[in-house]
Each structure stands twice: as C-alpha cells, then as structure tokens.
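Visitor: Have a look at the structure that comes next, please.
The values are calculated or read from the model by the stated rules, or taken from the named source; none is laboratory data. This structure is a prediction, so every number in the text was calculated from the model and none was measured. No Cβ is skipped: glycine too gets one built from the backbone with ideal geometry, and neighbour counts run over all protein chains shown.
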Amino acid sequence: MTKIKDYCYNCSRDTNCSVLAKEKNSIRNYSSGVESYDLLSILRCDGCDTLFVRRDLYDSTDIGTSEDYLFWDAQTFHWPSNPKFNFNEEHFLLAPKDDENLNKIKSIMQQVCIAISNEIHTLAAIGIRAIVEATYDALNLGNLRNLEKKIDALGEAGLITKIERETLHLLRLVGNSAAHEVWTPSYQDITNLYKVAQRLVEKSLLDKFIQINLAEKAKLAADRIGKK
C-alpha cells in the first residue's frame, strides 16, 4: 500500500498515512498547451486510523512535448478541513475587566482564532505578532521598537524559553518585504506560534490573578477553620 506524509488534525502533527484509494481527473487545453488535473485521495493516518480526503489541484505549462510538463501551481485541500480554533478565555476570567492592555490583547487573540479557523494564516501571523508586541508594551520592559529586540528582551526576562524565542522570530518574516523574505505559515506553523504567544500572555500577565485568587481562597478557608 502506498504511504505518504500528511498532516493529521487528530494527531496535530505530520504522520505517515496509507493511501486507501485515489482518482485522477485531467483536462487538456490543446489551444493553450496547458493541462490541469485534480487528484483525490482517501488517506488513513497510521498513527490514529483517522480517515480523511486529500485533494491536490495542479495547473501546468507545456514546456516542449506532450509528455513533458512543468507544474507551476499546486493547491492542497483536506476534508474534513481544519477544525474550528476556539478562543479559550479561561485565564482572562479572573483578570480585571477594566484593564485596557488585557482587553486589547484579548480582542487580538479572539481575532487571531477566527483567522486560523478560516485558514487565513498570514493574517493570523500578523495578529500573533501584534499579541507579542502588545504584551511587551504592557510589561513596560523598555522603549524598544524593533520586534527582534522585543522578543530577545522577553527571553532575557525569562518569560519565554530559548525554543519559544526562536519560534517567535519567525513572525519577523511576515510582511517583511524590505528584506524580500517570503513565508506562508501552514496550519501547524500558525497554531504552534499562537500557543507560544498564548503561554507568554498567561505567564507574564494572567497567572498572577490566578495566584491572587488562590491566596484569597486559602485565607477564607483559614478564617473558617479559625472560627470553629
């Protein structure tokens, strides 16, 4: 049985998949010399046995003979498509409702989750970049304008690990046309980036409210015990 590597949304990673069936449909435009075809495959993840359909769409440019084509455009779709990426506001529930910085960050995070759910990955990456910058500004770590230096400052403050710092530096490639760097994040790329940004927000801005809440509960419990 044919095996290919593909991303399994159930396993949340690239896995070996078995190709259970496939069908190719092609259209040849003889006047323009351009051929297009779509390849439908039924795949089964070898890790969790999840079944899904993969569709590859190709367009080609004739480069000389009827048997020789240069494929210049390829798109891949999956069904079921990416699962809805829901915003988890659990950590925000104990935070002050009138904190402008937290409200701004929460709003950006909600918009990023919507972008990920709709597979607008470049827009989501720009939003994640905004989360990192807004978090840095809320922490008052210094008047830095460069994203690279802000990320490094967060690392030096112990708010992100070395690996998380390297991961967040990918955000500098988004929209960096001046450096002629082009990067289109995949679903796995963008969800990993979001999780790093989410941990940064929780660790640096929200965990203290959980600690305060636990301390208050402990004090109330101690008071009740003391009254008995």
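Matching residues to (1) part of a strand (DSSP E or B); (2) closer than 30 Å to GLU133 by Cβ; (3) at pLDDT below 70:
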{"position": "LEU20", "(1), (2), (3)": "yes, no, no"}
{"position": "LYS24", "(1), (2), (3)": "yes, no, no"}
{"position": "LEU40", "(1), (2), (3)": "yes, no, no"}
{"position": "ASP56", "(1), (2), (3)": "yes, no, no"}
{"position": "SER60", "(1), (2), (3)": "yes, no, yes"}
{"position": "ILE108", "(1), (2), (3)": "no, yes, no"}
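Visitor: Now for a different question. Could you list, in sequence order, the residues of the stretch 154-184 that are surrounded by 13 or more Cβ atoms within 10 Å (Cβ to Cβ) and modelled with pLDDT under 85?
Guide: Matches in the stretch 154-184: LEU170, LEU171, ARG172, LEU173, VAL174, GLY175, ASN176, TRP183.
Visitor: Also, quick follow-up: Of all residues in the stretch 131-153, which are surrounded by 15 or more Cβ atoms within 10 Å (Cβ to Cβ) and either of a type outside the set (A, V, I, L, M, F, W, C) or within 17 Å of ASN101 (Cα to Cα) (or both)?
Guide: ILE131, VAL132, GLU133, ALA134, THR135, TYR136, ASP137, ALA138, LEU139, LEU141, LYS150, ASP152
Visitor: Does LYS195 satisfy the criteria of being at pLDDT 90 or above, part of a helix (DSSP H, G or I) and touching a helix residue (DSSP H, G or I) at 6+ places or on another chain (Cβ under 9 Å)?
Guide: Taking the combined requirement at face value, the residue does not satisfy it.
Visitor: Kindly indicate the residue of the stretch 1-18 that is over 15 Å from the mean Cα position of the chain (by Cα) and assigned to a strand (DSSP E or B) and also surrounded by the fewest Cβ atoms within 10 Å (Cβ to Cβ) among those meeting that condition.
Guide: Result: LYS5.
Visitor: Select from the stretch 185-225 the residues that are among the small types (Gly, Ala, Ser) and over 11 Å from the mean Cα position of the chain (by Cα) and write down the one among them that is surrounded by the most Cβ atoms within 10 Å (Cβ to Cβ).
Guide: Looking at residues that are among the small types (Gly, Ala, Ser) and over 11 Å from the mean Cα position of the chain (by Cα), I get SER204.
Visitor: Is one or more of the residues making up the stretch 132-147 modelled with pLDDT of 90 or more, under 17 Å from GLN188 (Cα atoms) and part of a helix (DSSP H, G or I)?
Guide: Checked the stretch 132-147: no residue is modelled with pLDDT of 90 or more, under 17 Å from GLN188 (Cα atoms) and part of a helix (DSSP H, G or I).
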